[in-house]
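Take a look at the structure set out below.
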Amino acid sequence: MRKHIVAGNWKMNCNFNEADELVNGIMEILEEKELPRDTQLIVCPPFPYLEMTSDYANDSYFMVGAQNVSDQEKGAYTGEVSAEMLESMEIDYCIVGHSERRAYYGETNATVAAKVNQLLKHGLKPIVCVGEVLEEREANRQFDVVKQQVEEGLFHLTAEQMKEVVIAYEPVWAIGTGKTATPEQAQEIHHFIRTLLTEKYGKELADEISILYGGSCKPSNAKELFANADVDGGLIGGASLKADDFIAIAMSF
Ligand code: PEP
């Protein structure tokens, strides 16, 4: 059966000392408390802290993910970080298509598809974010928007490749706003995404793909969100910057 996953997206937060403290805080709690067996914890710090974070993680406490990757293989792309570089540092996961990258850096579904290809080629697991903005939700267009993002970002993949993908449904109106989707709203879209996967790849594969919820998830609401049949965990922004909150969320299954 599919994994429960709780992934922390630190975004562009923490100086080096703060990052060090945060990872240490997570480790200290995990030395005392064991996560449920089927729950995978992932920490996604900014690029400069990937090495330090993965040294600490040592493959036992949590896995490490990047927040972005280049859509190009290698070469004269100043400021970019390639999937091959991440692979050579043994990074396990990478977030792709976060709404902030779509909104501020012009990433399209085609960019997402190209980044997913790079990651899979180099053995990393993409965490692909989809989700509608407020105006789209108000116009009841959330299903069309998410369908297009899933189809254009992912449906060129073979079934073997698709098995490596994690999907995060993040309604943009709930990210960093304190507004959370209701458990019913989350389940409705997660179920919709799983139906799209079933139609394209069959039920067996669709049942193996972890679909995470993201958007103001915190210890006080994680349990009721994760209790839904198609919600397999969370992509956590703000609350992942506090070790206690992050682990409390991961203990919410
Ligand atoms: C995110 O940015 O992926 C996110 C879910 O942020 P927050 O938890 O802060 O809403």
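All of the numbers you see were taken from the coordinates with simple rules; none came from a lab. Predicted model, so just to flag it, every value in this text is computed and none were measured. FYI the Cβ positions are ideal-geometry reconstructions off the backbone, even for glycines, and counts take in every protein chain you see.
Remark: spin-label model distance K74-D244 equals 4.7 nm, labels positioned 7 Å along the Cα→Cβ axis.
Derived scalar couplings between HN and Hα for the range 41-46 equal 9, 10, 10, 10, x, x Hz in order, rounded to whole Hz, by the Karplus curve 6.51 cos²θ - 1.76 cosθ + 1.60 (θ = phi - 60°), x for Gly and Pro. Between V81 and S70, the built amide H atoms are under 5 Å apart, and every one of these is 5 or more places off in sequence or on another chain.
Hydrophobic long helices, here whole DSSP H runs in the chain with Kyte-Doolittle means of at least -0.5 and Cα atoms spread over 20 Å or more along the helix axis, are found at 16-32.
Subtracting the Cα-Cα distance of E32 and N58 from 0.36 nm times their residue separation leaves 7.7 nm of extension gain. The H on the amide N of H98, modeled in the peptide plane, is under 5 Å from the matching H of C129, each at least 5 residues off or on a different chain.
Rounded to two decimals, what is Rg over Rh for the chain when you use alpha-carbon atoms and the Kirkwood radius? If you can, show how the numbers build up before the last one.
Details: Rg = 16.9 Å, Rh = 18.0 Å.
On the Cα set of the chain, Rg over Rh gives 0.94.
Could you give the length gained on full extension between T198 and N140, defined as 0.36 nm per residue of separation minus the Cα-Cα distance, in nm?
Numbers: separation 58, 0.36 × 58 = 20.88 nm, distance 2.30 nm.
My answer for the length gained is 18.6 nm.
Classify the range 27-119: rounded, prolate or oblate, from the alpha-carbon gyration tensor (a ≥ b ≥ c, eigenvalue square roots; a/c under 1.5 rounded; otherwise prolate if a/b is larger than b/c)?
Details: a/c = 2.47, a/b = 1.84, b/c = 1.34.
Prolate, because a/c is 1.5 or more and a/b exceeds b/c.
Can you work out the FRET efficiency for the pair S88 and D20, with r the C-beta to C-beta distance and R0 = 22 Å, to the nearest 0.05?
E(calc), rounded to 0.05, equals 0.45.
Using Cβ point charges alone (K and R +1, D and E -1), the dipole size of the range 1-100 about the Cα centre works out to roughly 400 debye. Amide H contacts for G237 (H built 1.01 Å from N in the peptide plane; partners 5 or more residues away or on another chain; cut-off under 5 Å): N9, G215, S216, C217.
Here's the picture: charge each Lys and Arg Cβ at +1 and each Asp and Glu Cβ at -1 in the range 28-127, and of Y56, C44, L119 the one pushed furthest to the positive end of that dipole is L119. Applying a DSSP loop filter and a limit of 15 other Cβ atoms within 10 Å to the chymotrypsin sites (Phe, Trp or Tyr not before Pro) in the range 1-103 leaves Y77.
Sorted fewest first by neighbouring Cβ atoms within 10 angstrom, I193, I91, I247, I29 come out as I29, I193, I247, I91.
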